[in-house]
Amino acid sequence: MNRNLLLLALCQGLFLTNNVTFIAINGLVGLALAPVGWMATLPVTGYVVGGALATGPVARLQARLGRKRSFQIGLLVAMLSAATCAWAVSQQNFWLLVGATLVAGFYSANASLYRFAGPELAAPAFKEKAISLVLAGGIIGAFIGPNLASATRTLLAVPFAGAYLVLVGVALLSLLALSCIRFPDHRPPQAGDARGRPLREIAAQPVFIVAVTAAALGYGVMNLLMAATPIAMQQCQHPFDSAALVLEWHVLGMFVPSFFTGSLIKRFGALPVMAVGVLLNLVCVAVALSGVELMQFLVALFALGVGWNFLYVGGSTLLTQAYRPEEKNRAQGAMDFCVFSTMAVSSFASGALITTQGWTLLNLGSLLPLALVGLALIWLATRPSPKAYG
């Protein structure tokens, strides 16, 4: 851990502060403002759809301007979109809120690449640990995000408007931290430079397919259950502070393991660690189906967070074996497009299912994508070891 990695981990933590606050309040604000109940999680869906749409432009922007400039532009967009969210809530304008979260997705598409920028700030031998340690910065979001949502819920006359305004300050702090990071010198693409293989060839590799499948479906299942949790707990008569506590433990589960996930991957390999991630997701579903008391929500969401960590860090590390240095923007952008697209579907399904079918069916529905991830891991494990490019 060097100074640059430490600052990047701080930026990751502030990014997760934004995300967790969005998750904690967007569904509830959506439920209050939406024309019909099944639209409640559209503000959550708008955020991830915006991220999916922005992955291509962000990849091109990073290739042209470099990591630092692209990340800074993303944070400026974060400030603008959070301020617009506050205005939309104060005006009780549901569709403006959805539009603002859609624009905020540009920030999310940028900040999701912090994990890949980490290895560029460390020696090659510490690639796995660099990805993991940057993601460990999310612990900041685990503590600040839920408590920020709870503390600022009534800051202004309109519930939750104050929370969105505070996120402007969070993005500003992240912008200051990011500006102090020294990234490697960036050289824009020149005529005659090696461009590497086309994306279709990179994406046809088994290691790419499995890395993206695990990261995307693992994130999709996590998002499906996490986005629905505040609404499900409200339906079960739990107070908002209890939902904030559950989300806090969930995000701790997502990011505390990052202190050792990289070491586990280096020792045992990515596939065994990812397999444990699938098992932990199954534990989450089993606990969630056992009842709707506070402790069952808390344990289920904590297991879900740790399972996500193993799948996401493992998948991100596995992806680095699938591309050459000149192909990184294409490959990383393609992975994040798949992740955000899956999250968009799961966010929309989350609101529709929790308001029409309930918590039980929502959990049962998550078993199919988990089974697909398990089969994908078995398939790759039975194949010859791929040639590493990263």
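Some observations on this one:
- Selection of first residues in region 36-49 that are modelled with pLDDT of 80 or more and of second residues that are not in a helix (DSSP H, G or I), restricted to Cβ pairs under 8 Å at least 6 apart or on distinct chains, gives the following pairs, ordered by first then second residue: L42/A34.
- Residue within region 140-151 that is of a type in the set (V, I, T) and part of a helix (DSSP H, G or I) present: yes
- Taking the conditions (1) under 27 Å from T317 (Cβ atoms); (2) at pLDDT 95 or above; (3) more than 21 Å from the chain's Cα centre (by Cα) in turn, A211 satisfies each one other than (3).
- Scanning region 277-286 for residues that are surrounded by 24 or more Cβ atoms within 10 Å (Cβ to Cβ) and farther than 30 Å from P124 by Cα turns up N281, C284.
- Residue selected from region 287-331 under the condition over 22 Å from A215 (Cβ atoms) and either free of Cβ contacts under 8 Å to residues at least 12 places away in the same chain or among the aromatic types (F, W, Y) (or both), by the criterion surrounded by the most Cβ atoms within 10 Å (Cβ to Cβ): F297
- For Q92, the conditions (1) under 23 Å from F337 (Cα atoms); (2) outside any helix (DSSP H, G or I) are fulfilled apart from (1).
- Residue list for region 220-252, restricted to those being surrounded by fewer than 23 Cβ atoms within 10 Å (Cβ to Cβ) and either within 14 Å of the chain's Cα centre (by Cα) or of a type in the set (K, R) (or both): L252
- Among the candidates L75, L102, residue that is within 25 Å of L8 (Cα to Cα) and either surrounded by fewer than 16 Cβ atoms within 10 Å (Cβ to Cβ) or in contact (Cβ under 8 Å) with a residue 60 or more places away in the chain (or both): L75
- Failed item, numbered, when A204 is tested on (1) over 22 Å from L372 (Cβ atoms); (2) free of Cβ contacts under 8 Å to residues at least 24 places away in the same chain: (1)
- The residues of region 332-348 that are crowded, with 22+ Cβ neighbours inside 10 Å and over 11 Å from G56 (Cα atoms), listed by number, are V339, F340, T342, M343, A344, S346, S347.
- Evaluating L301 against the criteria (1) part of a helix (DSSP H, G or I); (2) more than 20 Å from the chain's Cα centre (by Cα); (3) at pLDDT 90 or above; (4) within 22 Å of G253 (Cβ to Cβ) leaves one unmet condition, (2).
The values are calculated or read from the model by the stated rules, or taken from the named source; none is laboratory data. Note that the structure is predicted; figures quoted are calculated from it, not measured. Using ideal geometry, Cβ is built from the backbone for each residue, glycine included, and neighbour counts are taken over all protein chains shown.
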